[in-house]
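All of the numbers you see were taken from the coordinates with simple rules; none came from a lab. Nothing here was measured: the structure is a model prediction, and the numbers come from that model. Glycine gets a Cβ as well: all are built from the backbone with ideal geometry, and neighbour counts include every protein chain shown.
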Ligand code: SAM
């Protein structure tokens, strides 16, 4: 998803230092200080406009959530959407998922969500896929022992690639769904923007849950 720069985005971010961190390393190991309660921390890498992470934070007040996004305008839109909700367990981080070890201490995170990540279909762009081995290494480092990664996508090619990448890394599969919306796993499912769009077109949604 590419969005045009919005002139209000940097100003909105600057106006809410209590809700969003801009590539700041000062909270490494101390993210719990930014939340109302110290409780397990779940992150979404590539959060987009925030629908999933906002609804997760509403549904699960017993966990803390951080939406992480590489595009400034996109995360500003997520922040704007979150402002209406006033959630004490939700924060945003404007950063590159490849650099998460700069922002999180080892084992600081309890779960990583990846939703509808950009497929980067060309082989020469493999390293940019959020399920490439270098990203898995980063997640493994910041996650608790046996930490979980959950990944959803409509893209069959990226899904097959990711299953193979996770397996080659030595991750253990807890569940694989080839049509999430017609499975029991859907009972607790929280939709993302992209998921809503693609499933409305009748496309099956793939999901995998795996741990290190
Ligand atoms: N997760 C949302 C959803 O399911 O509706 C957005 C999906 S969108 C296709 C993928 C998002 O991931 C984009 O907003 C993109 O900017 C972001 N992204 C891509 N690479 C990233 C990276 N290395 N670190 C953080 N965000 C990234």
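Rounded, prolate or oblate for the stretch 123-193? Axes are the square roots of the Cα gyration tensor eigenvalues, ordered a ≥ b ≥ c, and the cut-off for rounded is a/c under 1.5.
Details: a/c = 1.90, a/b = 1.32, b/c = 1.44.
Judged from the Cα gyration tensor, the stretch 123-193 comes out oblate (a/c at least 1.5, b/c at or above a/b).
At what distance in nm do the modelled label points of residue 201 and residue 30 sit from each other, each positioned 7 Å from its Cα along Cα→Cβ?
About 4.5 nm separates the two model spin labels.
For residue 22 and residue 167 in the same chain, what is the full-extension length gain: residue separation times 0.36 nm, less their Cα-Cα distance, in nm?
Values: separation 145, 0.36 × 145 = 52.20 nm, distance 3.33 nm.
That works out to 48.9 nm of additional length.
Within the stretch 160-194, list the residues whose amide N lies under 18 Å from a label point set 7 Å along Cα→Cβ of residue 123.
160-162, 164-165
Provide, as a two-decimal number, the C-alpha radius of gyration of the stretch 92-151 over 2.2 N^0.38 Å, N being how many residues it has. Could the numbers behind the result be given before it?
On the way: Rg = 11.7 Å, N = 60, 2.2 N^0.38 = 10.4 Å.
Cα Rg divided by the expected 2.2 N^0.38 Å: 1.12.
So for each of 130-140, 165-175 I average, over its residues, the number of other beta carbons within 10 Å; can you give me the resulting order with the highest mean first?
Numbers: 130-140: 19.0, 165-175: 14.0.
Highest to lowest by the protection proxy: 130-140, 165-175.
Measuring from centroid to centroid over Cα atoms, what is the spacing of the stretch 165-212 and the stretch 107-134 in Å?
Spelled out, the Cα-based centre of one part sits 15 Å from the other.
Mind pulling up the Rg/Rh value for the stretch 9-211? Radius of gyration and Kirkwood radius, both on Cα.
Details: Rg = 16.1 Å, Rh = 17.1 Å.
Ratio value, two decimals: 0.94.
Using a cut-off of under 15 Å, list every residue of the stretch 45-80 whose amide N is near the label point 7 Å from the Cα of residue 2 along the Cα-to-beta-carbon line.
Answer for the stretch 45-80: 71-74.
Compute for the stretch 1-103: radius of gyration divided by Kirkwood radius, i.e. Rg/Rh, restricted to C-alpha atoms, rounded to two decimals.
On the way: Rg = 12.5 Å, Rh = 13.5 Å.
Ratio of gyration radius to Kirkwood radius for the stretch 1-103: 0.93.
May I ask you to order 29-35, 116-122, 148-154 by the average number of other C-beta atoms within 10 Å around their residues, highest value first?
On the way: 29-35: 14.3, 116-122: 16.0, 148-154: 21.9.
The peptides rank, most packed first, as 148-154, 116-122, 29-35.
Taking the simple approach of a point 7 Å from Cα along Cα-to-Cβ for both residue 62 and residue 98, what is their distance in nm?
3.8
Taking the Cα atoms of the stretch 20-60 alone, what are Rg (to one decimal) and Dmax (as a whole number) in Å?
Rg then Dmax for the stretch 20-60, in Å: 11.3, 29.
Given the stretch 9-211, what percent of its DSSP beta bridges are antiparallel, to the nearest 5? Provide the component values of the computation, followed by the final result.
On the way: 11 of 34 bridges.
Roughly 30 percent of the beta bridges in the stretch 9-211 run antiparallel, per DSSP.
Nearest 10 degrees is fine. How inclined is helix 72-83 to the longest principal axis of the chain, computing both from alpha carbons?
Relative to the chain, helix 72-83 is tipped by roughly 70 degrees.
Which log10 I(q)/I(0) values, to two decimals, does the stretch 88-207 give at q = 0.13 Å⁻¹ under the Debye formula with one point per Cα?
-0.55
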